[in-house]
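Comments concern the structure below.
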Amino acid sequence: MSRFWSAKVNELTPYVPGEQPKVSNLIKLNTNENPYGPSPKVLEALKAEAADTLRLYPDPNAEQLKQALADYYNVSPRHVFVGNGSDEVLAHTFQGLLKQDKPLIFPDISYSFYPVYCGLYDIKYTNQLLTESFEIDLSQYPTENGGIIFPNPNAPTGRVLPLSEIESLLKRNTETVVVIDEAYIDFGGESAISLVENYPNLLVVQTLSKSRSLAGLRVGFAIGHPALIDGLERVKNSFNSYPLDRFAISGAVAAIKDQPYFEQTCNAIIESRNALVEQLKGLNFDVLPSATNFVFARHATHDAGELAVKLREKSIIVRHFKQERIQHYLRITIGTNEECQALVDAIKDIL
Ligand code: PMP
């Protein structure tokens, strides 16, 4: 606390990310990173960048990356915004929602950064409850709102909504922005990017941190109508001229262009996930259906917090949230097959 800062800054409740331990002998299944490294082509691109261009500023508009994303998603570069991780893209998006009369709506159990941005930018919000089975029920979302945002698939539950339900929402909710945070979409959902041409209020946000294994490089993007994208560009250009450095731009382009590696690693994660779900069920866990690179699981008798502590003692880190309604669950990132097996063996020891 400093008396030299405003009361607002002194009262902020910042987001607390999952633990990033320094020791490397831990099996880290707590922050939904990809267990496989990025495409080898990314490393080649980073080496080439390091060799001769670091004295120069990066392209402030990251045109090369926008073009690569536009080609990949079959839109124009004017539909694409890029930022320093999807957290930054989301921060700019929330800033674009300042001074709405009506509250922004998002699910009660969802990405816990959303209320933090609302606190930072003084945005009013209300939470829409998930159903008993932890599903987002968009039919309950009132059209009187200052915008709607939700992850699809949702985090930390892992449950996914079909595109048809998203389109029904967009047909009803035409007056305010609908933001879909698709951080985990490549592990089993259908992206709403195909709808941006038809719905000028739809903004789809994605990241290269998960399915492209580039969490350390910090690259996220949004795809939407050029008028929505233009607003994000104004916010960005009033904040940071060079959000993406040269490594981020070239590494991201190389990752997007390596389709075979992307498919191979996503498929491997999906297979490991499906196998882990079966093993956990066999150990008396109730596991929510997951379309992500993590599972959300609750043991029939063992306390989730205690399980997390005991796993940690065995050098395996998983995520436990103390929030009401989900305090009995563990969120477990899908690792390699060996890591998943080590997790299952450790759980068997503990039970
Ligand atoms: N959205 C959701 C739902 C997430 O879980 C995360 C990862 N914590 C992010 C966005 C942010 O990812 P990044 O900033 O690494 O792109």
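Where a number appears in this text, it was derived from the coordinates with a stated rule and is not lab data. Model, not experiment: these values are computed from the prediction. Glycine gets a Cβ as well: all are built from the backbone with ideal geometry, and neighbour counts include every protein chain shown.
Details
- Long-range amide H partners of His225 with built H, under 5 Å: Leu202
- Straight-distance crosslink candidates among lysines, where the alpha carbon sits under 27 Å from Lys124 and sequence neighbours closer than 8 are dropped: Lys8, Lys99, Lys102, Lys171, Lys236, Lys322
- Helical content of the chain, expressed as a calculated mean residue ellipticity at 222 nm, amounts to -11500 deg cm²/dmol (DSSP H runs of 4 or more residues, -39,500 (n - 2.57) each, divided by residue number, nearest 500).
- By the Cα gyration tensor, segment 1-120 has an equivalent ellipsoid whose semi-axes, rounded to whole angstrom, run 31, 24, 18 from largest to smallest.
- Per-bin percent of Cα-Cα distances, the chain [10 Å]: 5, 24, 32, 26, 12, 1
- Amide H contacts under 5 Å for Ser211: none, restricted to partners 5 or more places along the chain or on a different chain, H placed in the peptide plane at 1.01 Å from N.
- Residue among Ala51, Ala91, Ala68 with the largest mean-square fluctuation in a Gaussian network model of the chain, springs linking Cα atoms under 10 Å: Ala51
- Viscosity 0.890 mPa s, temperature 25 °C, Stokes-Einstein D of segment 124-271 from Kirkwood C-alpha radius, µm²/s: 146 µm²/s
- Length-normalised contact order for segment 1-123 - Cα pairs under 8 Å, 6+ apart - percent: 25 percent
- Averaged over residues, the count of other Cβ atoms within 10 Å places the peptides 196-203, 150-157 in the sequence 150-157, 196-203, highest first.
- Amide H contacts of Gln128: Phe106, Asp108, each under 5 Å away and 5 or more positions distant or on a separate chain (H built 1.01 Å from N in the peptide plane; Pro and chain starts excluded).
- Top of Leu129, Leu12, Leu311 by mean-square fluctuation, Gaussian network on the chain, Cα under 10 Å: Leu12
- Of the GluC sites (Glu not before Pro) in segment 1-54, those whose Cβ has at most 13 other Cβ within 10 Å and which sit in DSSP loop: Glu19
- The trypsin sites (Lys or Arg not before Pro) found in segment 1-92 that occupy coil by DSSP, while having at most 13 further C-beta atoms within 10 Å, are Arg3, Lys22, Arg55.
- Computed across segment 184-239, the Kirkwood radius stands at 12.5 Å (inverse of mean 1/r, all Cα pairs).
- Listed residues Glu313, Glu135, Glu324, most fluctuating in the chain (Gaussian network, C-alpha, under 10 Å): Glu324
- Mean separation of Cα contacts under 8 Å (6+ apart) over length of the chain, as relative contact order %: 23 percent
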